[in-house]
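**Student:** Provided herewith is a single structure, encoded as structure tokens, for subsequent inquiry.
What follows draws every value from the coordinates through simple rules; no lab data is involved. Computed from a predicted structure; not experimentally measured. Please note: Cβ atoms are built from the backbone with ideal geometry, for glycine as well, and neighbour counts cover all protein chains shown.
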Amino acid sequence: MIVRAALPTTDVLIRGVHAVDVRAGLDGLSDVLVVDGKIAELVPTGGLDSYDTGGLTVIDGAGLHCFPGFFDPHVHARTPGQGYKETIATCTAAAAAGGFTGIVAMPNTNPVVDSTSVFGALLETARQGAVIGIGFTACITKGMKGAELTEMAALKDLGAVAFTDDGLPVTDAHIFRMACRYQQLVGSVLMLHEEEHALSGGGAMNEGAVSAALGISGQPNIAESTLIARDGAIALYEDARIHVQHISASESLDAVREARGRGTKITAEASPHHLCLTDEKCRSLDTNCKMNPPLRTEKDRQALIAAVLDGTIDCIATDHAPHSRDEKALPFEEAPFGSTGLETSFAACYTELVLGHGLELGRLVELLGSGAELIDLQPAKLIAGEPADLCLVDLGRRWIVGEDGYVSKSANSAFAGLELQGKVVLTLSHGAVAHRDAALDHPFDTAGTR
Ligand SMILES: [Zn+2]
Ligand SMILES: [Zn+2]
């Protein structure tokens, strides 16, 4: 179940915008009319020239692109209990600033989301504060302790969109097997943080030349890939559906391909920071570049990009993980894992994958939406009659991450200070203005035409 606050909608006519949506077979200059929260018309530019614009906000879309709203299946919204890092309101606002109209929140909160009472309260909070759609996952095991399964069926009935102990692996193979059996019964996918603790051993970064030079303990690639291989085998045996979160290592991609080749129902995500950055960024001991799994080597990064291009990776997910300045001010070994990512996701991927590696723009838009399919939802579509979940992007605009601050409550971006290209300037969620860039060239008010 996806929930959002009931916000007032704005009726909008966007003229002459380059609309791109592979799923809708769309790639060309269009006029987009949004009325009562839905896409009322979407026609080649000029088709609505005689439309009565009284009462509409008219936007000159020249030079802008229009995409279906993005969907992020992996976000830490820090609710309940960690409002000093992020809230539902700030997290969904940050997502809207990144062009997202739907996100899925992880359950490693305080308390963790492992009971129907916590889950029910969370839905209520989101109905008040979420400016875009948000769905919630519930834990696989009680207390995320890995010993006893949660009431998965009851949580699913209440609206849990998936199950995960993200932050931790399901270490016990028998418990994981039982989770697979329940997955079969309840249907919602198991989202897996794959990390063999016996191998990762509390490492603060990738194990390699950089960790050796810094004298910091590292996590080897096989800490990730070996658990994917185990879980792929168990999931196949039980015919369960699993999704591998934040793949970082080249060996892990092989593990996914092998499992898939044997018939395992397995999907996989990659995060913008793993696609764009390497452990070289850790040489400065910038704790914003400390995340789990860690930034890997250039070889891993290139393997991940190749896996995006060849379809091994099913979707892009940010693993947006806000932390306070005080927490990230600790020494590298002690600082918490995680980088924010919602506000930079599109720009980072556009800059690195489209401009840098020749990924088709339409394919990137698709990869930024297909996370919805993990939870059995249709991605947003630019088609008349669909909810108006869309964003406008200035692909030519270059910007320095963090120069204007962040919409997120936290500032721990691994991309801070880097120049990216492509800026989301407007996001509509079910026809409500969820984000509007301050520098939107086109005056945007409800007074009418311009
Ligand atoms: Zn994780
Ligand atoms: Zn995570």
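**Student:** If the label point is 7 Å along Cα→Cβ of Ala411, which residues in the stretch 267-296 have backbone nitrogen under 11 Å from it?
**Tutor:** None, by backbone N distance to the label point.
**Student:** Looking at the square roots a ≥ b ≥ c of the eigenvalues of the Cα gyration tensor of the stretch 1-61, which shape do they give, rounded for a/c under 1.5, prolate if a/b is larger than b/c, or oblate?
**Tutor:** oblate
**Student:** Please work out how much length the chain gains when fully extended from Arg398 to Arg283, using 0.36 nm per residue of separation minus the C-alpha to C-alpha distance, in nm with one decimal.
**Tutor:** So the chain would gain 38.8 nm between Arg398 and Arg283.
**Student:** Now, a different point. For Gly98, what residues show an amide H to amide H distance below 5 Å, using hydrogens built from the backbone and excluding near sequence neighbours?
**Tutor:** none
**Student:** Out of all DSSP beta bridges with both ends in the stretch 68-374, state the antiparallel percent to the nearest 5.
**Tutor:** Details: 1 of 24 bridges.
Among the beta bridges of the stretch 68-374, antiparallel pairing accounts for roughly 5 percent.
**Student:** How much FRET efficiency would the formula 1/(1 + (r/R0)^6) give for Ala233 and Ile383, where r is the Cβ-Cβ distance and R0 is 51 Å, rounded to 0.05?
**Tutor:** For R0 = 51 Å, the calculated efficiency reads 0.80.
**Student:** Show me the ranking of peptides 276-288, 219-231 by mean Cβ neighbours inside 10 Å, starting with the highest.
**Tutor:** 219-231, 276-288
**Student:** If you don't mind, there's one more thing I want to ask. How long are the semi-axes of the equivalent ellipsoid of the chain, defined as square roots of 5 times the Cα gyration tensor eigenvalues? Whole Å, largest first.
**Tutor:** 35, 24, 21
**Student:** Whole number please: convex hull volume per residue, Cα atoms of the stretch 200-357, in Å³. Numbers along the way, then the final one.
**Tutor:** Values: hull volume 16.9 nm³, N = 158.
With only Cα atoms used, the stretch 200-357 gives 107 Å³ per residue.
**Student:** Sticking with this one: Under the rule of -39500 (n - 2.57) per DSSP H run of 4 or more residues, summed and divided by the residues of the chain, what mean residue ellipticity at 222 nm is obtained, to the nearest 500 deg cm²/dmol?
**Tutor:** Rounded to the nearest 500, the figure is -7500 deg cm²/dmol.
**Student:** Could you tell me how many degrees, from 0 to 90 and to the nearest 10, lie between the Cα long axis of helix 250-261 and the main elongation axis, the longest principal axis, of the Cα atoms of the chain?
**Tutor:** 80 degrees
**Student:** Moving on. With everything on Cα atoms, drop me the angle between helix 116-129 and the longest principal axis of the chain, reported from 0 to 90° to the nearest 10.
**Tutor:** Between the helix axis and the principal axis of the chain, the angle is about 30 degrees.
**Student:** At 0.36 nm per residue, minus the direct Cα-Cα distance, what do Asp27 and Ser324 gain on full extension? Give it in nm, one decimal, please.
**Tutor:** Separation in residues times 0.36 nm, less the Cα-Cα distance, equals 102.8 nm.
**Student:** In nm, to one decimal, how far is the modelled label at Glu373 from the one at Ala153, with both set 7 Å along Cα→Cβ?
**Tutor:** Distance between label points: 3.0 nm.
**Student:** Rounded if a/c is under 1.5, else prolate if a/b beats b/c, else oblate: with a ≥ b ≥ c from the C-alpha gyration tensor eigenvalues square-rooted, which is the stretch 107-205? Display every interim value, and only then the final one.
**Tutor:** On the way: a/c = 2.19, a/b = 1.42, b/c = 1.54.
Because a/c hits 1.5 or more and a/b fails to exceed b/c, the stretch 107-205 counts as oblate.
**Student:** Calculate, for Arg127 and Val58, the FRET efficiency according to 1/(1 + (r/R0)^6) with r their C-beta to C-beta distance and R0 41 Å; round to the nearest 0.05.
**Tutor:** 0.80
**Student:** From the Cα gyration tensor of the stretch 303-353, with a ≥ b ≥ c the square roots of its eigenvalues, which class applies: rounded if a/c is under 1.5, or else prolate if a/b is larger than b/c, or else oblate? Walk me through the numbers before you get to the answer.
**Tutor:** On the way: a/c = 3.04, a/b = 2.22, b/c = 1.37.
It is prolate, given that a/c is not under 1.5 and a/b is the larger ratio.
**Student:** Turning to a different aspect of this structure: Name the residue, out of His197, His74, His323, whose mean-square fluctuation peaks in a Gaussian network model built on the chain with Cα pairs under 10 Å.
**Tutor:** His197
**Student:** While we're looking at this one, here's another question. Could you tell me which of the pairs Lys328/Lys423; Lys265/Lys409; Lys142/Lys265; Lys85/Lys156 are separated by over 29 angstrom between their Cα atoms in the structure shown?
**Tutor:** Going by Cα-Cα distance, Lys265/Lys409 fall outside the 29 Å limit.
**Student:** Right, next: At a Cα cut-off below 18 Å, give the lysines reachable from Lys381, other chains included and same-chain residues fewer than 8 away excluded.
**Tutor:** Result set, ordered by chain and number: Lys38.
**Student:** A further question on this structure: On a 0 to 90 degree scale, rounded to 10, what angle separates helix 173-186 from the longest Cα axis of the chain?
**Tutor:** Taking Cα atoms only, the helix is inclined about 30 degrees.
**Student:** Something else: Express in whole angstrom the spacing between the alpha-carbon centres of the stretch 282-298 and the stretch 364-399.
**Tutor:** Their Cα centres are 29 Å away from one another.
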